[in-house]
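Before any comments, here is the structure.
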Protein chains: 2
Amino acid sequence: MTPEQPTAALPDAPTNPVQALLEAPLSLRERKKLKTRQALRREAYRLFAEQGYQNTTVEQIAAAAEVSPSTFFRYFAAKEDLVLTDEYDPAMISALLSRPADEPFLTSCREALTGLIRALLQHERQELLTRVRLVTEVPALRAGLDRAGNNPRELYLSVLTRRAGIEEPTYEMRVTAAAIGAATIEAVLQWAKTDGREDIADLVDHTFALLGSGFAGV
Amino acid sequence: MTPEQPTAALPDAPTNPVQALLEAPLSLRERKKLKTRQALRREAYRLFAEQGYQNTTVEQIAAAAEVSPSTFFRYFAAKEDLVLTDEYDPAMISALLSRPADEPFLTSCREALTGLIRALLQHERQELLTRVRLVTEVPALRAGLDRAGNNPRELYLSVLTRRAGIEEPTYEMRVTAAAIGAATIEAVLQWAKTDGREDIADLVDHTFALLGSGFAGV
DNA sequence: CCATCTTTTGATAGTTACTCTCATTTGAGA
DNA sequence: TCTCAAATGAGAGTAACTATCAAAAGATGG
């Protein structure tokens, strides 16, 4: 059994997933699972910082977190997932869906994105920076971004589809989701590139303005 | 030593890479290398068709092509590369660079892309279709698209940079290349999805019009 | 507190993509 | 034909996964 994302299981999760984790009343079993998951991630990041991502084996991570390698793979389907998965998708989806349905999707994305990131930065700025930096530096992680669930493309696409009240997304939706998703990734990577000094809202505004203009001037 | 792409080594490759392969005067050694490469790919695709991509091992492919597994990896750095690498990049780059430098990049891409694909379809339609279908169906391949060299993003970015006569691409260029690159992939995937029935020029036109309009109506 | 049921865990063995090294073969060029 | 460089094959090794199964530990009803 793959342990499910904690927030996804909650009936009405607050918009801030961090709070969700803290507030939720958990059974002993679930608290242990959470601790294991956190320990795995914490030790992994420590080892990554010390010796690099590639030079750190899953075996080492499991040992540091004092679980067996088997258990590691029960928590993270792949080593990549230590860095690539997060629990923010539900928040982003609800932020997007709460925008008016007739608003240009680009605008919805801009607003939802800046709002969500602002909230995250308050609590997890450093961790976020570390993660994104890892993604920029390790080719394997960059590649993993395109895997199911890790790419904003799919998130955007699901919202577009649901917002239109249809089953299968149209081709225009796929193109839109892919392009805005790719731009979103660039914005986040750029933010990490400047060590988070660049204001994320400005960055997103600038990026999406470029998209909205049809790449005017390029 | 990794064997380099045949066309890349030629001083002035014709626009059609297929012809390039046929016309080039090759030494016995290079002809053998070419034959080995072709045999590996041919046997690989045959096995993929029979038993699927995941169920086919590198060992099987090497055996079918009558080379050792060691040799396989001298020709293809990864199993993915059997499907993901091609020799069209130089042609695409030169097509892009031959467009006027002050033309909107989106237009340059549209023209270069339709031209290149049209040429390819004449000779390698079936193979192209098979390849793209594989990419759509195998998650691992889809992910590999984001790896160095396989994504149009990097190609676009290099052209943008060179065209501007600068060393490091600007952020706007990165966003543009990423977004147009993602849309390009969607277009190609869509083409394969309709089994190549949809006219590729129409598809590209339509796609890039959407991008140029700033996703009007979505 | 106990007995039972279910979930989580660890141990083990296996697969496969990929790397490294070194000896052998084979084409190139004089 | 001789010599050199490039290409190959063989073998050993690494590490990310996968599958299976028995043991441990939390949940639950009495």
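The values are calculated or read from the model by the stated rules, or taken from the named source; none is laboratory data. Just so it is clear, the model here is predicted, and its values are computed rather than measured. Neighbour counts run over all protein chains shown; Cβ positions are idealised from the backbone, glycine included.
Of all residues in the range A:53-78, those that are in contact (Cβ under 8 Å) with a residue 60 or more places away in the chain and either away from chain B (no Cβ under 14 Å) or within 12 Å of DNA strand C (Cβ to nearest atom) (or both) total 4.
Residue by residue, here is whether (1) of a type outside the set (D, E, K, R); (2) modelled with pLDDT under 95; (3) within 16 Å of DNA strand C (Cβ to nearest atom) holds:
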residue	(1), (2), (3)
B:L84	yes, yes, yes
B:D102	no, yes, no
B:I117	yes, yes, no
B:L128	yes, yes, no
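Between A:D102, A:D89, the distinction of being within 14 Å of chain B (Cβ to nearest Cβ), more than 11 Å from DNA strand D (Cβ to nearest atom) and under 30 Å from A:E172 (Cα atoms) belongs to A:D102 only.
Each residue in the range B:131-190 was checked for being at the interface with chain A (Cβ under 7 Å from one of its Cβ atoms), closer than 23 Å to A:H206 by Cα and of a type in the set (S, T, N, Q), and 1 pass. Note on the range B:79-177: enclosed helices (runs of 4 or more DSSP H) holding 2 or more residues that are charged (D, E, K, R) are B:105-137, B:152-164.
Taking the stated definitions as given, is B:E186 under 23 Å from B:T85 (Cβ atoms), not hydrophobic (A, V, I, L, M, F, W, C) and not in a loop (DSSP other than H, G, I, E, B)? The answer is yes for B:E186. Evaluate the range B:111-123: report whether one residue or more is without any contact (Cβ under 8 Å) to a residue 12 or more places away in the chain and of a type outside the set (D, E, K, R). Yes, because at least one residue in the range B:111-123 is without any contact (Cβ under 8 Å) to a residue 12 or more places away in the chain and of a type outside the set (D, E, K, R).
The set of residues from the range A:49-73 being surrounded by 15 or more Cβ atoms within 10 Å (Cβ to Cβ) and either within 11 Å of DNA strand D (Cβ to nearest atom) or in a loop (DSSP other than H, G, I, E, B) (or both) comprises A:Y53, A:T56, A:V58, A:Q60, A:I61, A:A62, A:A65, A:V67, A:F72, A:F73. Hey, among the residues in the range B:199-216 that are farther than 14 Å from A:T170 by Cβ and buried (at least 16 other Cβ atoms within 10 Å of the Cβ), which one's farthest from the other protein chains (Cβ to nearest Cβ)? For the range B:199-216, the residue satisfying everything is B:I200.
For beta carbons closer than 6 Å, sequence separation of 6+ or different chains, a first residue in the range A:205-218 that is in a loop (DSSP other than H, G, I, E, B) and a second that is buried (at least 17 other Cβ atoms within 10 Å of the Cβ) and of a type in the set (F, W, Y), the qualifying pairs are A:V218/B:F105. Under the condition of being of a type in the set (V, I, T) and under 13 Å from the mean Cα position of the chain (by Cα), the residues counted in the range A:132-188 number 5. The set of residues in the range B:130-174 being over 26 Å from B:R197 (Cα atoms) and in contact with a Lys or Arg (Cβ under 7 Å, 6 or more places away or on another chain) consists of B:D146, B:L157.
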